[in-house]
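Take a look at the structure below.
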Number of protein chains: 4
Amino acid sequence: MQHTVHDFEAAARDKLDPVHVDFIAGGARDEITVRANEAAFGRLQLLPRVLRGSAVRDLDITLLGSRARMPVLLSPTAFHKLVYPEGELATVRAAAAAGAIMIASMASTVAVGEIADAARATDSDAQLWFQLYIQPDLEITEALVRRAVDAGCTALVVTVDSPVLGAGERNRRNGFHDLPPGLRCENLVDLRDGERGHVRQIAMSPELNWEHIDWLRGVTELPVLLKGVLHPEDARLAVRHGADGLLLSNHGGRQLDTVPATLELLPEILAAVAGRIPIVLDGGVRRGTDVVKALALGASAVGIGRPVMWALAQGGEEGVRRLLELLRDELDDTLALCGASGLADLTPDLVRVPAWAPVPGPAVAPGSDHRFGGGAVV
Amino acid sequence: MQHTVHDFEAAARDKLDPVHVDFIAGGARDEITVRANEAAFGRLQLLPRVLRGSAVRDLDITLLGSRARMPVLLSPTAFHKLVYPEGELATVRAAAAAGAIMIASMASTVAVGEIADAARATDSDAQLWFQLYIQPDLEITEALVRRAVDAGCTALVVTVDSPVLGAGERNRRNGFHDLPPGLRCENLVDLRDGERGHVRQIAMSPELNWEHIDWLRGVTELPVLLKGVLHPEDARLAVRHGADGLLLSNHGGRQLDTVPATLELLPEILAAVAGRIPIVLDGGVRRGTDVVKALALGASAVGIGRPVMWALAQGGEEGVRRLLELLRDELDDTLALCGASGLADLTPDLVRVPAWAPVPGPAVAPGSDHRFGGGAVV
Amino acid sequence: MQHTVHDFEAAARDKLDPVHVDFIAGGARDEITVRANEAAFGRLQLLPRVLRGSAVRDLDITLLGSRARMPVLLSPTAFHKLVYPEGELATVRAAAAAGAIMIASMASTVAVGEIADAARATDSDAQLWFQLYIQPDLEITEALVRRAVDAGCTALVVTVDSPVLGAGERNRRNGFHDLPPGLRCENLVDLRDGERGHVRQIAMSPELNWEHIDWLRGVTELPVLLKGVLHPEDARLAVRHGADGLLLSNHGGRQLDTVPATLELLPEILAAVAGRIPIVLDGGVRRGTDVVKALALGASAVGIGRPVMWALAQGGEEGVRRLLELLRDELDDTLALCGASGLADLTPDLVRVPAWAPVPGPAVAPGSDHRFGGGAVV
Amino acid sequence: MQHTVHDFEAAARDKLDPVHVDFIAGGARDEITVRANEAAFGRLQLLPRVLRGSAVRDLDITLLGSRARMPVLLSPTAFHKLVYPEGELATVRAAAAAGAIMIASMASTVAVGEIADAARATDSDAQLWFQLYIQPDLEITEALVRRAVDAGCTALVVTVDSPVLGAGERNRRNGFHDLPPGLRCENLVDLRDGERGHVRQIAMSPELNWEHIDWLRGVTELPVLLKGVLHPEDARLAVRHGADGLLLSNHGGRQLDTVPATLELLPEILAAVAGRIPIVLDGGVRRGTDVVKALALGASAVGIGRPVMWALAQGGEEGVRRLLELLRDELDDTLALCGASGLADLTPDLVRVPAWAPVPGPAVAPGSDHRFGGGAVV
């Protein structure tokens, strides 16, 4: 039996090919950021209120027009069929059952249209979002957007932290470069009129820039969130270029190693956008207390990535369903223990940073006055 | 032979069912707070005075009218018969012998009246206090208070951190949900007139609020302490609602995980109540130096929880008696080494926090100026 | 072969009764301070100067009139015969050969007069000091002082941190309470006229106070250093009561556990005495770099304790001689690498504290404005 | 296959005599600085920009007139024939192939002239620099400089942190004091007219001072960098004495133990030279992210030492070539992930120091106001 999110990982590790375990668990280079994400939550402290709760806690959110029954999204993760035969179909059914927003990955092994159909076949009104890598060939990108729109997706999540593919050294050591026979990125099939069975590779381009975001804003009415903005200056640019939200993510530590934990960056990113757009955070969320900490600091919701893959591997739809129930129960429990009747009661004063924990000190200022953090310079 | 408080735990672990060991040792979720409680004492440093001691140290205290021969209370712990046949009777006899205040748990396996009788049968004038979970059915609560009053308890300690039961994942993994046959919460038996052998479950209700405290103030003359207030704002509310004292406790890390160590919170809670009511602290007290640190910072007394259970398991009344003697000896030794003639000499300048230790940085302020601890935000 | 101070410990452990190893290596309670002493040196950083050295470094010091060829004293340690048959005679011959000041312990297993004779039998002009526990029976104390004076000791080091005996739990577990047959505290023999073979116990009294220091000042012309002052307020009192120097020591972590490393306290103690008296520091000195760090911060010299015992156990006089040569070589090497021609070149700017290292934050101020270190309080 | 710089070390350890492994891997005393160098990079965080990259990154630099195709220099390391028969010839060919500046060690096992010939034999325009220990016999020093000039070296790197040889305790334990038969310091052969096969020992002299630097400035037109300046005051003196650049190095932790990581010192050293001369940093560079961090903070380039030895041991010229390709690829990857088109885009705002990381606090000021880092003193 799985009593914690981590239990799903342990169970999945017993079932999966170690090469695939490495693909899921691994990150870029020395995996410093992978570890930092979880560690940041453990260091942050909660300071609960007492004697002011209510019998039932309201966990509903509405995010950019999408309603959900819990503030935990399924962040985009690739290749669900790698760990479970039904792949994304199992995942989306579990998400729908839990009333959680799923962000379908552009690199899904089931086409977004079929994922959406499976979601609609449940009696849930949970929403599906679509994660997009803008392709240098804009015609192809437009075709992808059209597929997401046709599938009924209600938001686009554009990944901007991948000018090149992150260096997963575990995969290199394992020689894991291709999907097993029979699996493919179904959204990348036959993107041009008249094609039959032509599967494209996802192109990652360092030449993408803010004009591509402007262009995208012009070809779709859907809300657009940017995923992977970490620098406050880029957060300000995102607002200026009309982004409707940010998914504050370091790609689970899979792109650039040694970037800070997203939780560490949250206060600065919130300050940079100054309330104009919502921030969703992923990276290291494993506990109900983690969700509460991110929301108390100001995030509108959080996302989970690897846990979904572990739960899917462990028990398919049923596994993911139990994972989401577990997180909902922990979240509800934490709200009760914090004296909160609902998410709106999660205020920043409930959170405490011990002095020895990483805090986002002032960035090193450009110019001759070089300094390291807050330390004065002789 | 037990030379330290920790030795009692080691001895008890040899005797007890591992499931019961887990019940005692465990805490909520990842047990981060369980570990934080003890670690906080280890990090705090003592800066002793020299050449000003006296031959004998005075360890007596008077707390809310109750006199005691040492500033170490027995914090409320449940189910003493689980670890030793005589249960709370053995505990209270040892407490009385040591002149220590015992706070009988509402979840005791001996009725509070019998505990009080056992205490009175010794020739000690040590006092008994009663820990109370306010029950949503106020008639039941009133019956419980009456039992405590009738037993001669001289204070009530109302637990306010338990709107729901803490998530002890060890217990869940062990399937430990019920007391063994023959044991029951004796205070919960026959609380309504005319009942015969009817045992109630202790109800934990998230709907309790400050009006319940006001109500309780109206039905008893006893001093009322609140146990589990951690947020300074709630400490101020406690004063405003007439609480006579606070037992600054995080429930031994058994309720909400990742709350700070109580020792870390002590300065803020003291500042919040501004000397109007006494603060007793529990959580992680294992050494005479720990007692001195808490008192030097401003606590009026400390409580111990798990150590009592380990000592009871190890040696019954004799075990708890030796535990309390050991703590008294260590405390006396520490006072001597600090150049103190008594508890009044324990001033804050005897305590030192290394810069790398957790300090209660400013809570994150509400509003748009989000910040993480003391770090400036770009 | 021993290449480092630590190597002597390893060699000694192979030779000694584990009970005696524990006696030497152990400290009070959890031995937090024992570990802190060494750790503090490792954290402090050196920032060397270049291109300004000289062919030879001058390591001589004159301390309260006593000349020495190196700024490393042998701090008082008890019972040298416990680890080597010749006991303190071997130690003092090695110290004399190295030109190092030895502080003979009042609890030596050779009488101070014989130690002095052995020193004089070498052709060294190295000085002998005497460590004193003031005995409540002042006549006895005076007899002890007279013995030290008669032996030619040139300073008294009065231990003030021992109102009670430190709690060495290793010794308690080992049942090590008495010297083996044939060994005794030779300075405590026949202290009163006409006695024959009467050995006193060393009395530790919590009733000692500053008047005893005043009294001592009246019965001897020797310079008096106080050993064990840790609180800056007591350092100021020491100056006021005419102390000629301080041996800043936490008794190697053997008295009160959780006191700071002496190195951490050095800046504050220096500030408190404001240059009026010299400060010698012991506790954790194991490397030439350690000596340089303490001296660069402002100490006049350092002392070593356990290393002498290990070296004595390993190789008697020859062992201690090689230990002192090793330290002298390391010290000389460090001076050269710091661009120093002698001890006078060791200025505070050569030392650097990383921000994460313990720093002596402001003590908690008395009064209502309780605070924990530098953290602001809500 | 080697996927990381560390993999080369692992492979080399399998091949080399453990005594030689210790010679390469080891450092001075407790090797605290050895570990600090690498750890400092791991703690520093990157805060990448997005949506502003370009298809190709420009990694070229021009440093004191020397052009290179990557900002990674081969720092001087001794005795390449110890680990690979061709020695420095293999190394320089690999460096030339990569377009990287190699700093030939004065203690090379191939004469600098032959190293230069081997470099010229490739079709690369990569430059060779020469590392110099100024010898007390200035005639000898001048002969060495002439050899470097004759060989076509385009800069001199004068090591100033070695008034004495660093204490490599591993070498002492291993009894490793001499090169194996057949190997010698070829630059030290026949330095005086008419000598035949006379090999000098490299003299390390504590008597070197700034006048030697002034003298050297007078005997050569080559740019002179000082290697081993760590104190900001010495950095200012270096500028004043006409140094053309600094190689900010702690000798890989091989000279004075417990000096800070060079990365920690970089901001202060940059502030001290105030842009007047370039700073190259070595010590702990193992990743492309490390290079980016140093350059973003303001270094003009970085150097690598041990990795070259490991790669040479592992695979000779081919090994070093692959090492440099690996670092170039990682660097290029990191630039792309930081949204940089070239090295000029690496600005200090890309770097972040967590609050718990070592920061160069103010040095302890001389005078009576002793303080430890930033901590206030009571």
Just one of C:HIS241, C:HIS231, C:HIS198 is modelled with pLDDT of 95 or more and facing another protein chain (nearest Cβ under 8 Å); which is it?
-> C:HIS231
What number of residues within the stretch B:41-83 satisfy the criterion of being open to solvent by 10 Å² or more (accessible area, probe 1.4 Å) and in a helix (DSSP H, G or I)?
-> 4
Kindly establish whether C:ARG172 is closer than 22 Å to C:GLY218 by Cβ and open to solvent by 40 Å² or more (accessible area, probe 1.4 Å).
-> no
If you check D:GLU86, D:GLU38, which single one turns out to be surrounded by fewer than 22 Cβ atoms within 10 Å (Cβ to Cβ), under 17 Å from the mean Cα position of the chain (by Cα) and either outside any strand (DSSP E or B) or not hydrophobic (A, V, I, L, M, F, W, C) (or both)?
-> D:GLU38
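Conditions tested, residue by residue: (1) closer than 23 Å to C:ASP150 by Cβ; (2) part of a helix (DSSP H, G or I).
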residue: C:ARG196; (1), (2): yes, no
residue: C:ILE202; (1), (2): yes, no
residue: C:SER205; (1), (2): no, no
residue: C:ASP214; (1), (2): no, yes
residue: C:ARG217; (1), (2): yes, yes
residue: C:LEU225; (1), (2): yes, no
residue: C:LEU230; (1), (2): no, no
Among D:LEU297, D:LEU324, D:LEU335, D:LEU312, which is the only one that is closer than 23 Å to A:SER205 by Cβ and either touching a residue at least 40 places away in the same chain (Cβ under 8 Å) or open to solvent by less than 10 Å² (accessible area, probe 1.4 Å) (or both)?
-> D:LEU335
Exclusive hit being more than 14 Å from every other protein chain (Cβ to nearest Cβ) and either aromatic (Phe, Trp, Tyr) or more than 30 Å from A:LEU47 (Cβ to Cβ) (or both), set B:ALA121, B:ALA55, B:ALA104 | B:ALA121
Go through the stretch C:179-198 and count every residue that is among the hydrophobic types (A, V, I, L, M, F, W, C) and touching a strand residue (DSSP E or B) at 6+ places or on another chain (Cβ under 7 Å).
-> 3
Restricted to the stretch D:265-281, and to residues that are touching a residue at least 40 places away in the same chain (Cβ under 8 Å) and open to solvent by less than 10 Å² (accessible area, probe 1.4 Å), which residue is nearest to D:LEU73 (Cα to Cα)?
-> D:VAL280
Scanning the stretch D:343-378 residue by residue, the ones that are among the small types (Gly, Ala, Ser), modelled with pLDDT of 95 or more and either in a loop (DSSP other than H, G, I, E, B) or open to solvent by less than 10 Å² (accessible area, probe 1.4 Å) (or both) total 0
Subset of the stretch D:197-216 that is under 21 Å from the mean Cα position of the chain (by Cα) and open to solvent by 30 Å² or more (accessible area, probe 1.4 Å) - its residue that is nearest to C:ALA340 (Cα to Cα) | D:MET204
Could we say that C:THR109 is among the polar types (S, T, N, Q) and assigned to a helix (DSSP H, G or I) here?
-> no
For the stretch C:160-174 the number of residues that are small (Gly, Ala, Ser) and more than 10 Å from chain B (Cβ to nearest Cβ) is 1
Answer yes or no: is there a residue in the stretch C:250-257 that is in a helix (DSSP H, G or I), open to solvent by 10 Å² or more (accessible area, probe 1.4 Å) and within 14 Å of chain B (Cβ to nearest Cβ).
-> yes
Among the residues listed as A:THR159, A:THR122, the single one being in contact with a Lys or Arg (Cβ under 7 Å, 6 or more places away or on another chain) and surrounded by fewer than 20 Cβ atoms within 10 Å (Cβ to Cβ) = A:THR122
In the set C:SER124, C:SER108, the lone residue that is under 16 Å from C:ASN187 (Cα atoms) and among the hydroxyl-bearing types (Ser, Thr, Tyr) is C:SER108
Residue, farthest from the other protein chains (Cβ to nearest Cβ), within the stretch A:16-35, restricted to residues that are over 25 Å from A:LEU266 (Cα atoms) and part of a loop (DSSP other than H, G, I, E, B) | A:LEU16
Residues that are in a loop (DSSP other than H, G, I, E, B) and either in contact with a His (Cβ under 9 Å, 6 or more places away or on another chain) or not aliphatic (A, V, I, L, M) (or both), drawn from the stretch A:260-292 = A:PRO260, A:GLY275, A:ARG276, A:PRO278, A:GLY283, A:GLY284, A:ARG286, A:ARG287
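The values are calculated or read from the model by the stated rules, or taken from the named source; none is laboratory data. This one's a predicted model, so the numbers in the text were calculated from it and none came from an experiment. Here the Cβ is made from the backbone with ideal geometry for all residues, glycine too, and neighbour counts use every protein chain on show. In case anyone asks, the SASA skips ligands and DNA or RNA and just uses the protein heavy atoms, side chains included. Shrake-Rupley method; radii C 1.70, N 1.55, O 1.52, S 1.80 Å.
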